[in-house]
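K.L.:
Could you have a look at this structure, given as structure tokens, before my questions?
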Amino acid sequence: MTTIELCLGERNRSRQREEEWTAPPESDPHVGRPGYEILPGIFAGSVLGTYYPGQNKLRIYAYVCGPDALDPIPVGFYLRMCMLMTLVHEVAHHYDFFSRTARGRWLADAPDKVEIYAERVQHDWFTKYVVPCLMRDYLDQWQAFNRWVQEKVGLELPAEVLLGDPRTTAKGNGIVLRALFDTGQAFQELLTTVQQGGDLQKARLDFARDLHYAEHYEPALLIIDLLMRADRDNVDALVLQADIFNHMGRYEEALSISKQVLQREPCWTAALETQVDAWMGLGEYHKGIQGIDKLVGIIGDEPREVVRWQIEKTEALIEVGRYTEAETLLASIEELVAGRRLWQRRIGRLRKKCRHQRRRTQDM
């Protein structure tokens, strides 16, 4: 590597492929570069860095902000860590170009494989090398940043959780599921809410929910515990706790919490959902079916949710040997989701499972 440039970047530079769920970039008010406001008054470009194969050169693009946007001071340290993440990613491309493609592992013009490798190396090297370096050489700033995080979040979290998991590219240049649940963006949303004077408890709950979506269950539960200490009647926190317990396979605890909530709020939809999930996890399929019928009655005319729970009901009907009902329900679901491939594939799998289970029962 001969050149590393820290620069603003071209104003007209954009990602080769914008994800369909992202908002279009907007020009920042300071220099007019297209990008996104990641924190109040702080703007990132659409592209964070670029590696130039064959030139031994990479560029890291600056964040743009006004003079007051870096208060409190740890925000600046946070942005430096973000830029170091980008640097490691571009260095990974350089390492890939010279050390891996030369050995014939894959062609340099296979973008999915190139990005998958760079993201994996970025994740590994940042944790293995950059974090220890920051803790050793910038201890005061590191400690100030962690105190700041503890104040806002309620507990310390690893830097790689706060910055987000970069491993988002899938084979075929697709997107892996965890890209939809980016803890880095969730942390930025929490800070934005707090800096704009929003409700800290709600912001923490939303952050815990995002940690849960990204399968960081333990820190999410710690945040919920803090919320419950402040307000034992926080029903939203209780329901989220039950949902996390379901995902961890702790179905009895999830069932106990959902029952507790439903005694107070009999039609609380999220609590009914966690109760059904717990029953299904425990193999209590008859109770699960009853719970789904009640849930669908409350959901009403929300087609996507109705389909989701009718699919779950079909699974339960098959498990208890009510095959004719399962097939009838699948036929009605198929009419609702006509032309939607993901649902059609799942219906096909369930129909095959139903036939297989019926055949096994008849052969016994």
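The values are calculated or read from the model by the stated rules, or taken from the named source; none is laboratory data. Since we're looking at a predicted model, the values are computed, not measured. Don't worry about glycine lacking a Cβ; one is built from the backbone with ideal geometry, like all the others, and counts go over all protein chains shown.
K.L.:
Taking only the range 345-364 into account, find how many residues are under 36 Å from the mean Cα position of the chain (by Cα) and of a type in the set (D, E).
P.N.:
Within the range 345-364, residues that are under 36 Å from the mean Cα position of the chain (by Cα) and of a type in the set (D, E) number 0.
K.L.:
Out of curiosity, is G54 at positive phi and modelled with pLDDT of 85 or more?
P.N.:
When the stated conditions are applied, G54 does not pass them.
K.L.:
Looking only at the range 258-275, which residues are of a type outside the set (A, V, I, L, M, F, W, C), closer than 19 Å to Q310 by Cβ and surrounded by fewer than 19 Cβ atoms within 10 Å (Cβ to Cβ)?
P.N.:
Passing the criteria: only T269.
One line per residue, one yes/no per condition, for (1) over 16 Å from V149 (Cα atoms); (2) touching an Asp or Glu at 6+ places or on another chain (Cβ under 8 Å):
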{"site": "G198", "(1), (2)": "yes, no"}
{"site": "Q201", "(1), (2)": "no, yes"}
{"site": "R204", "(1), (2)": "no, no"}
{"site": "A220", "(1), (2)": "no, no"}
{"site": "N234", "(1), (2)": "yes, no"}
{"site": "A237", "(1), (2)": "yes, yes"}
{"site": "H247", "(1), (2)": "yes, yes"}
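For (1) in contact (Cβ under 8 Å) with a residue 12 or more places away in the chain; (2) over 25 Å from D199 (Cβ atoms); (3) within 21 Å of the chain's Cα centre (by Cα), each residue gets a yes or a no:
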site: H216; (1), (2), (3): yes, no, yes
site: D231; (1), (2), (3): yes, no, no
site: M248; (1), (2), (3): yes, yes, yes
site: A254; (1), (2), (3): yes, yes, no
site: K259; (1), (2), (3): yes, yes, no
site: R264; (1), (2), (3): yes, no, no
site: A270; (1), (2), (3): yes, no, yes
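K.L.:
As an exercise: evaluate R304 against (1) farther than 19 Å from L238 by Cβ; (2) over 27 Å from the mean Cα position of the chain (by Cα) and give the number of the one condition it does not meet.
P.N.:
(2)
K.L.:
Given the options D206, D225, name the one that is modelled with pLDDT of 95 or more, among the acidic types (D, E) and either closer than 30 Å to G41 by Cβ or crowded, with 22+ Cβ neighbours inside 10 Å (or both).
P.N.:
D206
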